[in-house]
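> Below is a structure I'd like to ask you about.
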Amino acid sequence: MDEAEFSALLEAHAGILGRIAASYEAQTAVREDLLPEVALVLWRALPQWRGEGPRCSFVAHVAHSRCASHILTGCRPCSGTWNRTPETYDEHL
């Protein structure tokens, strides 16, 4: 796959990639940084796609995996932020 085909693939799946990233990351700035990371991982993973299922399913799987890794490696407890009660959580957003 060349760069033009990859760009077309990203454009065709921009909606689902954006929704997946948004489901894992609420902060817009961080989410905007996450999307290029998803694209890079997808670029590296595409040669492994065997064509056994829809390409959109493969794209979604790769995006979910990268976003989950983002959560697992990027979320670190900060002092005072993990002790919020549901009643006061919205105050900190």
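> Any idea which of E37, E11 is at pLDDT 95 or above and farther than 13 Å from A60 by Cβ? Steps first, please.
Numbers: E37 fails: at pLDDT 95 or above.
After ruling out the rest, the residue left standing is E11.
> Which residues, counting only those in region 63-77, are of a type outside the set (S, T, N, Q), at pLDDT below 95 and in a helix (DSSP H, G or I)? Even if it seems obvious, please write down each step before you answer.
Going through region 63-77, the residues of a type outside the set (S, T, N, Q) turn out to be 63-64, 66-68, 70-72, 74-77.
If we keep only those that are at pLDDT below 95 too, we end up with 66-68, 70-72, 74-77.
Of everything in region 63-77, those that are of a type outside the set (S, T, N, Q), at pLDDT below 95 and in a helix (DSSP H, G or I) turn out to be R66, C67, A68, H70, I71, L72, G74.
> I've got another one for you. Inside region 19-33, can you point out the residues that are surrounded by 15 or more Cβ atoms within 10 Å (Cβ to Cβ) and within 15 Å of A60 (Cβ to Cβ)? Lay out the reasoning, then the answer.
First, the residues of region 19-33 that are surrounded by 15 or more Cβ atoms within 10 Å (Cβ to Cβ): 20-21, 24-25, 31.
Across region 19-33, the qualifying residues are I20, A21, Y24.
> Only residues that are within 18 Å of H64 (Cβ to Cβ) and not in a helix (DSSP H, G or I): list them for region 1-32, please.
Within region 1-32, H13, E25, A26 meet the criteria.
> Let me ask something else about it. Go through region 33-54 and count every residue that is under 10 Å from R66 (Cα atoms) and either part of a loop (DSSP other than H, G, I, E, B) or in contact with a His (Cβ under 6 Å, 6 or more places away or on another chain) (or both).
1
> Could I ask something else about it? Within region 43-66, track down each residue that is within 14 Å of the chain's Cα centre (by Cα), among the small types (G, A, S) and farther than 15 Å from A12 by Cα.
S65
The values are calculated or read from the model by the stated rules, or taken from the named source; none is laboratory data. What you see is a predicted model; the values in this text were computed from it and never measured. Quick reminder, even Gly has a Cβ in these numbers, built from the backbone with ideal geometry, and neighbours come from all protein chains shown.
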